1. Condition check: outside the structural domain of ALA186 (by TED's automatic domain parsing), aliphatic (A, V, I, L, M), more than 21 Å from ALA165 (Cβ to Cβ) and surrounded by fewer than 21 Cβ atoms within 10 Å (Cβ to Cβ). Does ALA20 satisfy that?
2. Within segment 93-129, can you find the residues that are of a type in the set (Val, Ile, Thr) and modelled with pLDDT of 85 or more?
3. Out of all the residues in segment 138-150, which are surrounded by 22 or more Cβ atoms within 10 Å (Cβ to Cβ) and either under 25 Å from the mean Cα position of the chain (by Cα) or not assigned by TED's automatic domain parsing to the domain that holds ARG86 (or both)?
4. Of these, ARG191, ARG177, ARG168, which one is among the charged types (D, E, K, R), within 21 Å of the chain's Cα centre (by Cα) and over 20 Å from ILE106 (Cβ atoms)?
5. With segment 1-77 as the region, which helices (runs of 4 or more DSSP H) entirely inside it contain at least 3 residues that are under 24 Å from ASN105 (Cβ atoms), touching a helix residue (DSSP H, G or I) at 6+ places or on another chain (Cβ under 8 Å) and in contact (Cβ under 8 Å) with a residue 12 or more places away in the chain?
6. Of all residues in segment 151-161, which are farther than 15 Å from MET74 by Cβ and surrounded by fewer than 19 Cβ atoms within 10 Å (Cβ to Cβ)?
Amino acid sequence: MRREPRGRTAAEIVEAIVTAAEQVLEDDGLDGFSTNRVAELAGVSIGSLYRYFPNKYALARGIFDRHLPRYERMILDSAAGGGTIRDYIVRVGTAILAFFEEHRNIHRALWRLRSAAEVHERIEATLTSMIEVTSRLLQASGIPTDRADDLAFVLVHAGDGVANAVARSGDPELGRRTIAIVADVADVLGRAR
């Protein structure tokens, strides 16, 4: 008779560790973010944590790896909503703002950990994907390819900068006002062909 496995799989351990890392950042902020605290909350030994994540910056990369695909999904879902470029910007901005609000402390900490966690290439890949989706949407509205590519570049990078600043400020009302401003700018630039 075959015995049932008693331990957790590697994937389950990694999932528990990344979830615990998010929880520590959300509850304790960057000052309380330690591998010992994460291991304790995940219910694993420090040795098990270090098998998958050699330091807290690797833990931060694990959180980035979880969050960046969610941003891409928000962009794709927003692009599928139809309407004008202004409508699209409002949908994207509102989705990202809601995500930041749901995980306010995590996003503040992740912004501070970007360089130490060595995730700039991952972030750049996500921004590139967002630019491509945005450019296609602009082209579908009749904007020539070169102009759509340039406008998408500006909108995505401006949006990323604003999103990070709003996340750091912790002011959701500022975020809502900023979304409206970026949407208005996108609308004006989209019409100036």
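1. Numbers: outside the structural domain of ALA186 (by TED's automatic domain parsing): yes; aliphatic (A, V, I, L, M): yes; more than 21 Å from ALA165 (Cβ to Cβ): yes; surrounded by fewer than 21 Cβ atoms within 10 Å (Cβ to Cβ): yes.
Here the answer is yes, as ALA20 does meet what is asked.
2. Going through segment 93-129, the residues of a type in the set (Val, Ile, Thr) turn out to be 94, 96, 106, 119, 123, 126, 128.
Hits for segment 93-129 are THR94, ILE106, VAL119, ILE123, THR126, THR128.
3. Going through segment 138-150, the residues surrounded by 22 or more Cβ atoms within 10 Å (Cβ to Cβ) turn out to be 138, 143, 148.
Correct list: LEU138, ALA148.
4. Details: ARG191 fails: within 21 Å of the chain's Cα centre (by Cα); ARG168 fails: over 20 Å from ILE106 (Cβ atoms).
One residue alone meets the criteria, ARG177.
5. Details: elements: 10-28, 35-42, 46-52.
Of the helices (runs of 4 or more DSSP H) lying wholly inside segment 1-77, those with at least 3 residues that are under 24 Å from ASN105 (Cβ atoms), touching a helix residue (DSSP H, G or I) at 6+ places or on another chain (Cβ under 8 Å) and in contact (Cβ under 8 Å) with a residue 12 or more places away in the chain span 10-28, 35-42.
6. Taking segment 151-161 first, the residues farther than 15 Å from MET74 by Cβ are 151-154, 157-158, 161.
Within segment 151-161, PHE153, VAL154, HIS157, ALA158, GLY161 meet the criteria.
Yes/no per residue for (1) touching a residue at least 12 places away in the same chain (Cβ under 8 Å); (2) under 30 Å from GLY29 (Cα atoms); (3) of a type in the set (S, T, N, Q); (4) touching a Pro at 6+ places or on another chain (Cβ under 8 Å):
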{"site": "ARG104", "(1), (2), (3), (4)": "yes, yes, no, no"}
{"site": "ALA109", "(1), (2), (3), (4)": "yes, yes, no, no"}
{"site": "ARG112", "(1), (2), (3), (4)": "yes, yes, no, no"}
{"site": "SER115", "(1), (2), (3), (4)": "no, yes, yes, no"}
{"site": "HIS120", "(1), (2), (3), (4)": "no, yes, no, no"}
{"site": "THR128", "(1), (2), (3), (4)": "no, yes, yes, no"}
{"site": "SER141", "(1), (2), (3), (4)": "yes, no, yes, no"}
{"site": "PRO144", "(1), (2), (3), (4)": "yes, no, no, no"}
{"site": "ASP149", "(1), (2), (3), (4)": "yes, no, no, no"}
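The values are calculated or read from the model by the stated rules, or taken from the named source; none is laboratory data. Computed from a prediction, not measured in an experiment: that's the story for all the values here. Because the Cβ atoms are built from the backbone with ideal geometry, glycine has one as well, and the counts that use them run over all protein chains shown.
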